[in-house]
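Since every read-out is calculated from the coordinates, none of them should be taken as a lab result. These figures come from a predicted structure and were not determined experimentally. Glycine gets a Cβ as well: all are built from the backbone with ideal geometry, and neighbour counts include every protein chain shown.
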Amino acid sequence: MCGQTNGENPLRFSKIAFRASEAKAAQDAYAALTTAYTAVPAEEADVIVALGGDGFMLQTLHETQKLKLPVYGMNCGTIGFLMNAYGTEGLLERLDASEEATINPLKMKATSADGTVTKALAINEVSLLRAGPQAAKLRIFIDGKERMPELVCDGVLIATPAGSTAYNYSAHGPIIPIGSEVLALTPMAAFRPRRWRGALLPKSAVIRIEVLEPQKRPVRADADTRAVPEVVSVEIRSEPKVRHRILFDPGHGLEERLIVEQFA
């Protein structure tokens, strides 16, 4: 086993918990790293190393949220915007030199047609998507004021800066710098108003979306991977009480990646 010290200087992180997705590459990486480094349970760790892709990183952040530990991702999947390059050598030194980014998730409160209320957190985005053959009809309120009486579309999403390069960017939404105190509200295939491209909103905004004609035009709400079918209204706001800590190799943090993405 490799030691958890760096010469005479104490390391920032000395107790590592490893988590891996079910993908073979991630499982192979897990075997290699837990052979090379001393591993501890997450409850005893001061850092978590997540092996997989962005989807597994989001899963890890959600599942370990209460531990309030920083998470260092190593890419063993197909997409790795939130991940660092994989390598077995020098992990302790990489963790010691890493840069930390802190992000707040979105809090979703979704009301279904039967009156059920579902609450969930989303690190990337909350999306409302049509769940039938006809386009969705939505009404949008910002801080209690009606801003759009009717949006006919395939769906709409609210993205954090960390999630702005994911689904939001694919839907032609803006990339938001990580330090920005704004959220992106982006429509998907808007039919009416046809040329509406969405809006940038203050991070403090409370967004309420009501589904018009929900029986004829059913809509599903997703908070990252948490899906709620047949919603009639959804309220979304940033949740400052929850802080996710993500570690990146020097010079490859979220802020730099967001800039690079815009010039790709």
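Computed over segment 106-238, relative contact order equals 33 percent, with contacts defined as Cα pairs under 8 Å that lie 6+ residues apart. Counted by neighbouring Cβ atoms within 10 Å, the residues Ser112, Ser164 run from fewest to most as Ser112, Ser164. Exposure proxy ranking for His244, His252, based on other Cβ atoms within 10 angstrom of each Cβ and starting from the fewest, stands as His252, His244. Which of the aspartates and glutamates could a cross-linker span from Lys119 if the Cα-Cα distance has to be under 18 Å and same-chain partners fewer than 8 positions apart are dropped? Within the straight-line limit of under 18 Å, Lys119 reaches these aspartates and glutamates: Glu63, Glu210, Asp222, Asp224, Glu230, Glu235, Glu239. Would you list which lysines come within 26 Å of Lys24, measuring only between C-alpha atoms, while excluding same-chain residues fewer than 8 positions from it? Qualifying lysines at Cα under 26 Å: Lys15. Legend: P(r) of the chain from all alpha carbon pair distances, 5 Å bins from 0, whole percents, reading 1, 6, 13, 16, 17, 13, 11, 9, 6, 4, 2, 1, 0, 0.
Phi-derived couplings, Karplus 6.51 cos²θ - 1.76 cosθ + 1.60 at θ = phi - 60°, listed residue by residue for segment 207-216: 9, 10, 10, 9, 8, 8, 6, x, 6, 7 Hz, with x used for Gly and Pro. Beta bridges per DSSP, both residues in the chain: antiparallel share near 80 percent.
Over the chain, dividing the summed -39,500 (n - 2.57) contributions of all DSSP H runs of at least 4 residues by the number of residues returns a 222 nm mean residue ellipticity of -4500 deg cm²/dmol.
Of Ser180, Ser238, the sequence from fewest to most neighbouring Cβ atoms within 10 angstrom is Ser180, Ser238. Rounded to the nearest 20, the size of the Cβ-charge dipole of segment 106-238 about its Cα centre is 260 debye, with Lys and Arg at +1 and Asp and Glu at -1.
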